[in-house]
1. Which one, 53, 43, 20, has the greatest fluctuation when you compute a Gaussian network model over the chain with C-alpha springs under 10 angstrom?
2. Assuming R0 = 35 Å, can you tell me the calculated FRET efficiency for the pair residue 76 and residue 10, based on Cβ-Cβ distance, to the nearest 0.05?
3. What is the antiparallel percent of DSSP beta bridges lying wholly in the chain, to the nearest 5?
4. For P(r) over Cα pairs in 10 Å bins from 0, in percent, the choices are [x] 13, 36, 32, 14, 4, 1; [y] 15, 40, 33, 12, 0; [z] 15, 51, 29, 5, 0; which was calculated from the structure?
5. Taking 0.36 nm per residue of separation and subtracting the Cα-Cα distance, what length does fully extending residue 1 through residue 89 add?
6. For residue 34 and residue 97, compute 0.36 nm times the residue count separating them, minus their Cα-Cα distance, and round to one decimal in nm.
7. For the chain, calculate the relative contact order in percent as a whole number, restricting contacts to Cα pairs under 8 Å that are 6 or more residues apart.
8. Under the rule of -39500 (n - 2.57) per DSSP H run of 4 or more residues, summed and divided by the residues of the chain, what mean residue ellipticity at 222 nm is obtained, to the nearest 500 deg cm²/dmol?
């Protein structure tokens, strides 16, 4: 069905955009304004303030994104065929909708 990673991602984003979501860009791997973590480790991390009630700059309640993340939980096992440090998490979000 999908030949490339980009085709899969575009189909995912387009599905949610066609259903009322606004696409947002991936946030930095180094979180801004959050001294509690060194890296973005989950797709929801950049959205925490908005999931807790802060109004998103796009002033919408439905978002979709592809968030770059760094895996740290099992960093000692990275490098085999299962454990990797970098991945992209596809996410669709509802901010109080």
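1. Highest fluctuation of the listed residues: 53.
2. Details: r = 35 Å, r/R0 = 1.00.
Efficiency for this residue pair is about 0.50.
3. On the way: 9 of 11 bridges.
For the chain, the DSSP antiparallel bridge percentage is about 80.
4. [y]
5. Numbers: separation 88, 0.36 × 88 = 31.68 nm, distance 2.01 nm.
Answer, rounded to one decimal: 29.7 nm.
6. On the way: separation 63, 0.36 × 63 = 22.68 nm, distance 2.53 nm.
Contour length minus Cα-Cα distance gives 20.2 nm.
7. On the way: 133 pairs, mean separation 30.0, N = 97.
Relative contact order for the chain comes out at 31 percent.
8. Details: 2 runs with 17 residues, N = 97.
Computed ellipticity for the chain at 222 nm equals -5000 deg cm²/dmol.
Every number in this text was worked out from the coordinates using simple rules, so none of it is lab data. Owing to the predicted nature of the structure, the values given are computational and were not obtained by experimental measurement. All Cβ positions, even for glycine, are placed from backbone atoms using ideal geometry, and neighbour counts span all protein chains on display.
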